[in-house]
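**Student:** First, the structure itself, so that you have it in front of you.
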Amino acid sequence: TMNNSSYPASLVGDPEAPAVVFVRGNPEAFRHRRVGIIGTRAATARGKHFAHTIGAQLAASGVAVVSGLARGIDVESHAGALSVMGETAGPPIAVVASGLDVVYPREHARIWEDVAMRGVLLSESPPGVHPEPFRFPMRNRIIAALSEVLVVVESRSTGGSMSTVREAMKRDVAVMAV
């Protein structure tokens with residue numbers, strides 16, 4: 001809850017802050033500078049390469065990469081962040097639309113574990129909750145609120161990425177696009 005020291009400070013003053021968050025990993029990750037990287041699930045090879053590269057470069061600079069661990073751009077940005085080793089590497093922060101025990105998509109089970117070990121997984125859904133469609137826009141507002149800057153890599157004019165962009169704009173978070 002907001003009364004706990006593990007609750008992300010950047011969510012405390014947010015007008016749509018979740019009353020409760022579930023965290024798996026090290027909440028110290030929230031103390032790092034944070035850049036959200038989002039984009040289409042149907043990413044091109046070029047978009048995936050860019051997301052991986054920028055994720056790695058940010059982590060190498062000590063910046064935490066924030067994303068939703070979805071297919072495409074999200075997972076590539078975290079894979080890039082996780083490719084950087086060392087104590088000064090920025091930790092990955094993943095905000096998911098299910099309970100922390102319900103991996104979605106299933107093929108991301110290994111990266112979920114890696115994010116939890118090196119950074120933090122966060123959800124407002126309690127354990128056992130499956131990722132229903134209405135939970136993704138709710139997740140997106142948290143991604144926006146946690147991010148100091150939001151980078152969009154390959155997006156259509158509608159969809160989840162633009163939902164996150166709208167949430168970022170409501171919070172005066174700078175939005176950049178590739």
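The values are calculated or read from the model by the stated rules, or taken from the named source; none is laboratory data. Computed from a predicted model, the values in this text were never measured in an experiment. Here Cβ is always computed from backbone atoms with ideal geometry, including for glycine, and neighbour counts include all displayed protein chains. These area figures cover heavy atoms from the full protein model, side chains too; ligands, DNA and RNA do not enter into them. Shrake-Rupley method; radii C 1.70, N 1.55, O 1.52, S 1.80 Å.
**Student:** Under 8 Å between Cβ atoms, which residue pairs at least 6 apart in sequence (or on different chains) link something in segment 1-25 that is touching a residue at least 60 places away in the same chain (Cβ under 8 Å) with a partner that is in a strand (DSSP E or B) and surrounded by fewer than 11 Cβ atoms within 10 Å (Cβ to Cβ)?
**Tutor:** none
**Student:** Please specify each residue of segment 55-70 satisfying the condition of being surrounded by fewer than 22 Cβ atoms within 10 Å (Cβ to Cβ), closer than 21 Å to residue 175 by Cβ and in contact with a helix residue (DSSP H, G or I) (Cβ under 9 Å, 6 or more places away or on another chain).
**Tutor:** Those that are surrounded by fewer than 22 Cβ atoms within 10 Å (Cβ to Cβ), closer than 21 Å to residue 175 by Cβ and in contact with a helix residue (DSSP H, G or I) (Cβ under 9 Å, 6 or more places away or on another chain): 57, 63.
**Student:** Picking from 88, 164, which residue would you name as being modelled with pLDDT under 95 and hydroxyl-bearing (Ser, Thr, Tyr)?
**Tutor:** One residue alone meets the criteria, 88.
**Student:** What do you reckon, is residue 118 open to solvent by less than 40 Å² (accessible area, probe 1.4 Å), under 17 Å from residue 22 (Cα atoms) and within 15 Å of the chain's Cα centre (by Cα)?
**Tutor:** no
**Student:** Now for a separate question. Would it be correct to say that residue 1 is polar (S, T, N, Q), surrounded by fewer than 14 Cβ atoms within 10 Å (Cβ to Cβ) and either closer than 24 Å to residue 112 by Cβ or more than 17 Å from the chain's Cα centre (by Cα) (or both)?
**Tutor:** Against the criterion (polar (S, T, N, Q), surrounded by fewer than 14 Cβ atoms within 10 Å (Cβ to Cβ) and either closer than 24 Å to residue 112 by Cβ or more than 17 Å from the chain's Cα centre (by Cα) (or both)), residue 1 qualifies.
**Student:** In addition: Show the residue pairs meeting these rules: Cβ distance below 7 Å; 6+ apart or different chains; first residue within segment 121-139 and more than 9 Å from residue 99 (Cα to Cα); second residue assigned to a loop (DSSP other than H, G, I, E, B) and open to solvent by 40 Å² or more (accessible area, probe 1.4 Å).
**Tutor:** Correct list of pairs: 138/124.
**Student:** While we're looking at this one, here's another question. Does residue 103 meet the test of being of a type in the set (A, V, I, L, M) and within 21 Å of residue 9 (Cα to Cα)?
**Tutor:** no
**Student:** Which residues, counting only those in segment 1-18, are under 17 Å from residue 100 (Cβ atoms) and either in contact with a Gly (Cβ under 7 Å, 6 or more places away or on another chain) or small (Gly, Ala, Ser) (or both)?
**Tutor:** Correct list: 6 only.
**Student:** Still on this structure: Within segment 41-54, take every residue that is out of contact with any helix residue (DSSP H, G or I) (no Cβ under 6 Å at 6 or more places or on another chain) and among the aliphatic types (A, V, I, L, M) and give me the one that is surrounded by the fewest Cβ atoms within 10 Å (Cβ to Cβ).
**Tutor:** 45
**Student:** Could you list, in sequence order, all residues of segment 147-178 that are aliphatic (A, V, I, L, M), loosely packed, with under 15 Cβ neighbours inside 10 Å and in contact (Cβ under 8 Å) with a residue 24 or more places away in the chain?
**Tutor:** 174, 176, 177
**Student:** Okay, next question. Of all residues in segment 80-95 being out of contact with any Asp or Glu (no Cβ under 7 Å at 6 or more places or on another chain) and of a type outside the set (Gly, Ala, Ser), which is surrounded by the most Cβ atoms within 10 Å (Cβ to Cβ)?
**Tutor:** Taking the candidates together, the pick is 92.
**Student:** Just checking, which of 123, 77, 98 is under 16 Å from the mean Cα position of the chain (by Cα), within 25 Å of residue 13 (Cβ to Cβ) and open to solvent by less than 40 Å² (accessible area, probe 1.4 Å)?
**Tutor:** Answer to the selection: 123.
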